[in-house]
1. Taking the stated definitions as given, is B:Ala201 at pLDDT 90 or above, in contact with a strand residue (DSSP E or B) (Cβ under 6 Å, 6 or more places away or on another chain), buried (at least 21 other Cβ atoms within 10 Å of the Cβ) and of a type in the set (Gly, Ala, Ser)?
2. Among the candidates A:Arg183, A:Arg230, single out the residue that is within 24 Å of A:Asn70 (Cβ to Cβ) and among the basic types (Lys, Arg).
3. Inside segment A:209-251, can you point out the residues that are of a type in the set (Phe, Trp, Tyr) and either touching a His at 6+ places or on another chain (Cβ under 9 Å) or in contact (Cβ under 8 Å) with a residue 40 or more places away in the chain (or both)?
4. Output the residues belonging to segment B:115-137 that are part of a helix (DSSP H, G or I) and within 16 Å of B:Tyr88 (Cα to Cα).
5. Spot the failing condition for A:Ala256; the list is (1) surrounded by 19 or more Cβ atoms within 10 Å (Cβ to Cβ); (2) assigned to a helix (DSSP H, G or I); (3) more than 24 Å from the chain's Cα centre (by Cα), and only one is missed.
6. Based on what the data block shows, is B:Gln69 at pLDDT below 95, within 14 Å of chain A (Cβ to nearest Cβ), more than 23 Å from the chain's Cα centre (by Cα) and more than 13 Å from ligand 2 (Cβ to nearest atom)?
7. Kindly check whether there is at least one residue in segment B:271-284 that is of a type in the set (Lys, Arg), modelled with pLDDT of 90 or more and under 27 Å from the mean Cα position of the chain (by Cα).
Amino acid sequence: MSEVSYIDRPNRTLAVYAIAYLLFLYIPVLFLPLFSFNDAIYVAFPLKGFTTKWYEQLFNNEPMFAALLNSVQVGAVTATVSTLLGVFAAKAVTRYRMPGKNPVVGFIMLPLVIPGIIFGVALLILMSRLGVPLSLYTVTLGHIIVCVPFSMATLIPRFEGFDKSIEEASADLGENMFGTFWRVTLPMVFPGLVASFLLCFTISFDEFIMAFFLSGTEPTLPIFIWNQLRFPQRVPGVLALGTIILVISFAVVFFAQWIRNVGIHDKTKRGM
Amino acid sequence: MSSSDPMISIRSVAKSFGPVRAVEAVSMEIAEGEFFSLLGPSGCGKTTLLRMLAGFETPTSGEIFIDDQPMSSVPPHQRPVNMVFQSYAIFPHLNVRANIAYGLRKQKLPKQQQNAMVDEMLELIKLPGYGDRRSHELSGGERQRVALARALIKRPKVLLLDEPLGALDKQLREQMQLELRALQRSVGITFVFVTHDQEEALTMSDRIAVMSKGRCLQIDTPNRLYEAPSNREVAAFIGTINFFDASIKSVNGETANVDAGVLGEVKAPVGDGTFASGMKVLLAIRPEKLSIESKKPKRSAHAVEGVLDAAAYLGERSHYYVRVDGIERPIAVSAQNAHRMLEGIDDQPRPVWLSWSSDSAVILDAK
Ligand SMILES: Nc1ncnc2c1ncn2[C@@H]1O[C@H](COP(=O)(O)OP(=O)(O)O)[C@@H](O)[C@H]1O
Ligand SMILES: [Mg+2]
């Protein structure tokens, strides 16, 4: 008798499919690091030789660092605000009976399916009508609209995943609403909060369309990169930058995935 | 509070969820230190009533008093009651110790005293050394004990328990019934215990409220519920019982004489309701109150002849089903197996005699 159950048994077809899919997905991406170490301006085979000079140039690139800082700021504010809004929305959606709940949730989730360009143009028109000057603030606003649905989608399963009698037990044992939220709800959804924050940050960090319409004189990193691509001699520098971002993004996304599942499936102890 | 006042007074409390009338005008009083059970089939409103006591649901009408205080404007976290949830609701992000100590925060006790109290609780629930475990490292029975300790450490005036033994296997369940009852006696706290298991309610409770479809049918001691049910539904819900159509001949205070067709004229105590001569009623007799013999009994108040239809051997007792001419359903009889029956039970169809004494039947309203 086999030790593993039917569902856990290895499946060759599925494994082949998974590998093919991953190759399709990541081979183009692998050209980025490959050419970022290539000693030539043009992105073409054959490779010319190994160099780290594109990386060295990057570290002396003042405008690039300014753009990076802009993106980090926008990302941090977007992630914080979206996650906060997401927590309260997710709690309301999963815990309270309210009239018209489904249409409201539908509207909040709409940016998931509406093309960014439509939101971008709409916000641009709104801002100019209101006379609000375009700046990193307007970019942040656009990013929050994009990110709240992702935050909610990350957090709702977290809230649905625990029995509401756990919150009632806290009230029963003498905690008011805030005490219960602080001592029970928050620690239990905490991994979801971290996952939501990281997800929103990465979305904002590489968001282009909203930033394209809504940024003023200060570019975010994707806008900066796009501007660079018009100059052939800057392309290898962009590849180097892209490689660094890729590595960091991978690390962040894996961490987010891992923390999202903490406490839901496994029995990992959390020092909280 | 004077000693005669009830601990809990529920005054015509009703609760509707939209069109669903979960509880309808229920009134009951529960005394201090009582082990009081709410018994009824699933969906009859037991949990809803309990949640109104805890403050998680607001009555649509009526008022609940706990310790003479009206509860309508008191939120759950300020009520002098604690609850053991059906799912136990152990905080999964805290260990057993922190779970038990959860409700102590507001009391601002020194750490040392708090630890001593938790240790005492761990002793009480017989889980010393389990303090560092988490919810997922506990069995169902252990979780149930932690939920109990977490509530009891608050020294509530009333402990509410929603089918706390429902998730346990039969053996553990029976053991926990005894332990819970002993615990209630030793701490002296009023228990309101919800169950759908009549045997459980009968063994544990001082008094039981039998509920059905949101209404309260009878509130009484286990003995009286079984021996003197006040209406047809309670009689049918608690244990098994034989009903016979009858009509009143004369009423004499708490007893009446009825004409029960082939069973002849029977005298028996009456349940709830008003009875008058000529009224159609039900004569109800428990299976174990009937004796079955092969010859006509000499000295019994009431006896009738029938034919054995079926029999089942159940170890300590046997069940017999007897057909009597003029009565539609076979009559159920339960008899102790006082003698060894190594050859098995004799279920050959044969004439038998059933007999009972006059105080073992009850007369109930036919409705
Ligand atoms: N929150 C609710 N919303 C709507 N209906 C409910 C709610 N809670 C209970 N009910 C209904 O009220 C009735 C009584 O339920 P409940 O008190 O849970 O019964 P019990 O605990 O005796 O099984 C059921 O018909 C149930 O469907
Ligand atoms: Mg229930």
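The values are calculated or read from the model by the stated rules, or taken from the named source; none is laboratory data. These numbers were taken from a predicted model, which means no experiment stands behind them. A quick note on method: Cβ atoms are made from the backbone with ideal geometry, for glycine too, and the neighbour counts reach across all protein chains shown. Remember, those area values only see protein heavy atoms, side chains included, never the ligands or the DNA or RNA. Shrake-Rupley method; radii C 1.70, N 1.55, O 1.52, S 1.80 Å.
1. On the way: at pLDDT 90 or above: yes; in contact with a strand residue (DSSP E or B) (Cβ under 6 Å, 6 or more places away or on another chain): yes; buried (at least 21 other Cβ atoms within 10 Å of the Cβ): yes; of a type in the set (Gly, Ala, Ser): yes.
Yes.
2. Numbers: A:Arg183 fails: within 24 Å of A:Asn70 (Cβ to Cβ).
Being within 24 Å of A:Asn70 (Cβ to Cβ) and among the basic types (Lys, Arg) holds for just one of A:Arg183, A:Arg230, which is A:Arg230.
3. First, the residues of segment A:209-251 that are of a type in the set (Phe, Trp, Tyr): A:212-213, A:224, A:226, A:231, A:250.
Passing the criteria: A:Phe212, A:Phe213, A:Phe224.
4. So the first thing to find is which residues in segment B:115-137 are part of a helix (DSSP H, G or I), and the list is B:115-124, B:135-137.
Those that are part of a helix (DSSP H, G or I) and within 16 Å of B:Tyr88 (Cα to Cα): B:Ser135, B:His136, B:Glu137.
5. The one condition A:Ala256 does not meet is (3).
6. Working: at pLDDT below 95: yes; within 14 Å of chain A (Cβ to nearest Cβ): no; more than 23 Å from the chain's Cα centre (by Cα): yes; more than 13 Å from ligand 2 (Cβ to nearest atom): yes.
No.
7. Checked segment B:271-284: no residue is of a type in the set (Lys, Arg), modelled with pLDDT of 90 or more and under 27 Å from the mean Cα position of the chain (by Cα).
Residues are listed down the side, and each one gets a yes or a no for (1) charged (D, E, K, R); (2) assigned to a strand (DSSP E or B); (3) at positive phi:
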position: B:Ala276; (1), (2), (3): no, no, no
position: B:Lys295; (1), (2), (3): yes, no, no
position: B:Val304; (1), (2), (3): no, yes, no
position: B:Ala311; (1), (2), (3): no, yes, no
position: B:Ala332; (1), (2), (3): no, yes, no
position: B:Ala335; (1), (2), (3): no, yes, no
position: B:Met341; (1), (2), (3): no, no, no
